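To start, the structure itself, in structure tokens.
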Amino acid sequence: MILNTWIVGLMVGQVTILATFTFCVLNALLIFLNWNYDSSDEKQYQLEKRTYLVSALMKFALVTHLFLFSLTALALDEISELLPGAMCAVGVLSANEYGFPYVYLKIVAVFLFSTWLIINYIDSKQENYPLVSLKYLLLIIIFPTIVFETVLFFKFTLNLDPQVITSCCGSIFNEKNIGVGGLISALPNRIALPALFAVAILSGFLAFSDVGARRGRRTLRTLEALTWIVFFILSLMVVISFISIYIYEMPTHRCPFCFLQSEYNFIGFPLYGLLFLAAISGFNRGILEWFKLNDSLAGVISTTQNNLGRIAVFSVLGFLLVGFTPFLVYYLKTGRLI
Amino acid sequence: MIKTIKATKIYNQGRTNEVTALFEASVEVEKGCIAVLKGPSGSGKTTLLSLVGCQSKPNSGEIRIDGKRVSKLPDKFLNAFKRQYMGFVFQNYQLIPDLTVSDNIMLPLLPSGIVFKERIRRADELMDQFDLTKRKKFKVKNLSGGEQQRTAIARALINRGKILLADEPTAHLDSQLTDEFLKIVGRIKDMDYTILMSSHDAKVCENPLVDRVFEMKDGRIIQ
Amino acid sequence: MNLRNRLEKQRNILDFSLQNLIRRKGKSLFILVIFVLLVSIISSILFLTGSLTREMIKSSEQLPDITIQKIKGGRQVNIESVYLDQIERIPGIEAAEPRAWGYFYLDSLNANFTIFGFDLSLLEAEDYETILTENTKQKNLTGKSQYKMAVGPVVYEQLKKSKMQETYLFFNPDWETSLPVDIIGVFKPETELQSADLMLLQTDAARKVLELSDDEFTDIAVYIPNPEEVDNIALKIRRAFPELRTITRSQIQSTYSSVFGWKSGLVLSGLLVVILAFLVLIWDRSGGLSQEEKREIGVLKAIGWDTEMVLAVKFLESLILSSISAVLGILVAYVYIYWLRAPGLREVFIGWSTIYPSFKLVPYIDLKYLMLIVSIAIVPYSAVSIVPAWRAAITDPDEIIRHNG
């Protein structure tokens, strides 16, 4: 275990999120079990008031979660100075078996949070709380993710041992390495890049296509949501195997975290921000199809879907612009590829 | 315009101090009318006003305003509706003492996101109409009772709603100010408002402006 | 609502929150003061460790890739020159260099100095420019003594006091004669943290002062051009000579940062209780609504403000207050650490040496430090302020109508 300001800071944040969420879930449970829209007694009115608390807490939890995610990425770099062999965040995360699962779970949590908030938004646009039971059930289902994330966080930080020599991004994202990192790098850019564009075009195509039947449309939109997940994963691979080397201008440096630092003008923040925005909007656009339970909901959801689609398209363009600018600059400057 | 159907309100429901403040009250006020709820204190006038004014929800029965069933609306929609339709003059005016007259008057417009210029324009118009322009920059706590009431009325009208509700508006006024108030009510009626007031003042109830008087006792409408 | 109205609404929320804070000056000020105190404590620790770590890492970059020491009976002992040839033969090593260094206690000054042996002839004219202070260099180059040395600024000041700023006589009671050494320059203050107590002597003189026998050295510095090979070579050396200990530069660097990180973490954890107490205090103060505030919220609800908007106003009040406090707290910490040089705190971090305290800290502030401060101070405070904000926001407008107070 390393006792360090950064770790203390992350712990405070993580515990805050867990506490907020636990409090949310307790309220959600209360609402879920006692909700009776037709009732006019005092208890029902109190429950209605409680829905505002849950919304506020959840919004706060998402913002804090995103904030803490960024801080984690920056702090890991600082912590890497304590671990021999680790030169950046990747090295710290691979210092024990909990590091990367923790980060993956954090990404999953961002998606789940966003889905919940969008459903909450749609529900609040309706006069008769049509999605209340569903959304609070969903909240209760999401809860274990946060608990598990916190457990992983503590397992990860408490097991950081300055005595153990770890490896770093140079060796982890090396083609010869076996494992996820090696797999990512072994995927040559001439496959990964066209695949990325193909998926982007596919999801665009799916977004514009439509079928008459409700069931068919659900399948279609679900497929669309899945393509966005694939897009997200492929993008991360391309970030590691292609975009990062042009940001660092070094063939061996493939860290997906370092470019969040001030040394690289925080380019990672717009890059990941836009990627998340695109993937989340696209994913939820598809998922929302399942919540068109009545005509009134269908109306609101369709409008929301259109907006999300627009956000997704612009974010993807933004992501590509930010991501490929270093490559273009390098290429125009030197006339070479790395 | 205003219709309540067997509206019942119970306070502290399920507790030992449970009070049935209003029991199956059915009232109807036509568009453009002035109606008065008359009765001794504790007869349920204020509770009924509060239900009609979307300030609380009935425990049974229904409230319909302009055909819209408001009694089951979620807070957000209820308040949007309130802002669109209602103006409320409270018994003790309930102004914010540390704010100026014009700030107080503009308060109801803040949630609607009406732009600053328009807010100022409307407030100036009303202050002009109610002879408050000189007091514009005064903090409300430095105003006289009559001025405070006029500020409260201006605040109730700034959203340009359709209904004005007033709870015991003349309780703290002397006879001269009561006359003045009734004059103002007449003017508001001409602005196409439907008005519902509670009062036990004979001067108000018997005024020719009033179209309808509902007598209340022990939480029921008796006439 | 169109976009313009929505933006206007957000602006109104912000305006109203600010207005509320200003209207309740006493309460706001109380929270502000406590919060500023809180943030400045946290940021001070952070700034200090940040700068110290940075400084140490920077200075350790000049360290050899591997330092080799001889261990006997668990203690470090002098290393014999016989190892030198064998180590130099290991492939991958560019150079291995024996070093003579140690500490010398000066009774008269009641202070410990670091003695470091160095081939002073290597300090060519240009190197003087970069290392030594303008006004002190060269003037003693014509000194009469056999040996020469360069000293750190703090040492120089001390020597000046005892009027030995030109030539210092090293002496130990069991020596027959004292050893005069000319001072040829003083290090620039930028290097103060490392050079404060340093005396850089000609190697021969250092050996005499440190009483090293002819074929003995303190340790051996090894330089390796390829950083990837450092750990491997260190391993090879340990395998070939089990009695030797190898210390790589990255080990030293991580020790430095973990020492400071550990200290700051320890101080911070100790303070966590204080932080918590502060938060509870502020929360209690900001969460508890006075009768008047309650009435006001009731009025707002009654004239058509929805729950969400009141909640936003109340939450924003806390957020604005804590953000302003954070900014002020950071400024206070900056002044305290970098202008006042952290009285009271620096002893905790630099501790062991009494000669250090005049060190200078180079400001090192990054976005992540600010984020960390936000994470420790603002995040938990905002979280706990949601519930009171909500409690206020659900006030029934009905209440103010019925209670004609």
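Of the GluC sites (Glu not before Pro) in region C:20-89, the ones in a loop by DSSP (not H, G, I, E or B) with at most 12 other beta carbons within 10 Å are C:Glu61. For the protein assembly as shown, the mean residue ellipticity at 222 nm estimated from helices alone is -18500 deg cm²/dmol, where every DSSP H run of n ≥ 4 contributes -39500 (n - 2.57) and the total is divided by all residues, rounded to the nearest 500.
Take every DSSP beta bridge whose two residues both sit in chain B; close to 50 percent of them are antiparallel. Only lysine pairs 8 or more places apart or on separate chains count here, and in region A:42-163 those with Cα atoms under 26 Å apart total 12.
For C:Gly185, the residues whose modelled amide H falls within less than 5 Å of its own, excluding neighbours fewer than 5 places apart on the same chain, are C:Val151. Of the solvent-accessible surface of region A:172-338, computed with a 1.4 Å probe and all protein chains present, 71% belongs to carbon and sulfur. Of the peptides A:281-290, A:218-227, the ranking by mean beta-carbon count within 10 Å, highest at the top, reads A:281-290, A:218-227. Calculated on the Cα set of chain B, radius of gyration then Dmax: 17.2, 51 Å. Magnitude of the charge dipole for region B:43-103, about its Cα centre and with charges confined to Cβ atoms of Lys, Arg (+1) and Asp, Glu (-1), is about 360 debye. Once each part is reduced to its C-alpha centroid, what is the distance from region C:2-16 to region B:1-50 in angstrom? Using only Cα atoms to place each centre, the spacing works out to 35 Å.
Since only B:Asn59, B:Gly87, B:Ser43 are under comparison, the one whose Cα sits farthest along the positive direction of the charge dipole of region B:1-102, derived from C-beta charges on Lys, Arg, Asp and Glu, is B:Asn59. What the protein assembly as shown shows is 44 Å² of accessible area per residue, with the surface traced by a 1.4 Å probe over protein heavy atoms. Nearest 100 Å² is fine: what is the total accessible surface buried where chains C and A meet, probe 1.4 Å? Its buried surface, counting both partners, is about 3200 Å².
For region A:2-102, chymotrypsin sites (Phe, Trp or Tyr not before Pro) meeting the loop criterion (DSSP other than H, G, I, E, B) and having at most 15 other Cβ atoms within 10 Å: A:Tyr37.
Sparsely packed loop sites in region B:153-223 (the GluC sites (Glu not before Pro) outside DSSP H, G, I, E and B with at most 16 other Cβ atoms within 10 Å) comprise B:Glu206. Ligands, DNA and RNA left out, the 1.4 Å accessible surface of chain B is 47% carbon and sulfur atoms. With a threshold of 30 Å on the Cα-Cα distance, the over-threshold entries among B:Lys57/C:Lys9; C:Lys27/C:Lys263; B:Lys134/C:Lys27; B:Lys6/C:Lys314; B:Lys136/C:Lys9; C:Lys163/C:Lys188 are C:Lys27/C:Lys263; B:Lys134/C:Lys27; B:Lys6/C:Lys314. Using a cutoff of 8 angstrom between alpha carbon atoms and counting only pairs six or more residues apart, the relative contact order for chain A works out to 17 percent. Buried surface between chains C and B: roughly 2800 Å² of accessible area, summed over both sides, computed with a 1.4 Å probe on protein heavy atoms only.
The values are calculated or read from the model by the stated rules, or taken from the named source; none is laboratory data. Nothing here was measured: the structure is a model prediction, and the numbers come from that model. A quick note on method: Cβ atoms are made from the backbone with ideal geometry, for glycine too, and the neighbour counts reach across all protein chains shown. Note: areas computed on protein heavy atoms with side chains; ligands, DNA, RNA excluded. Shrake-Rupley method; radii C 1.70, N 1.55, O 1.52, S 1.80 Å.
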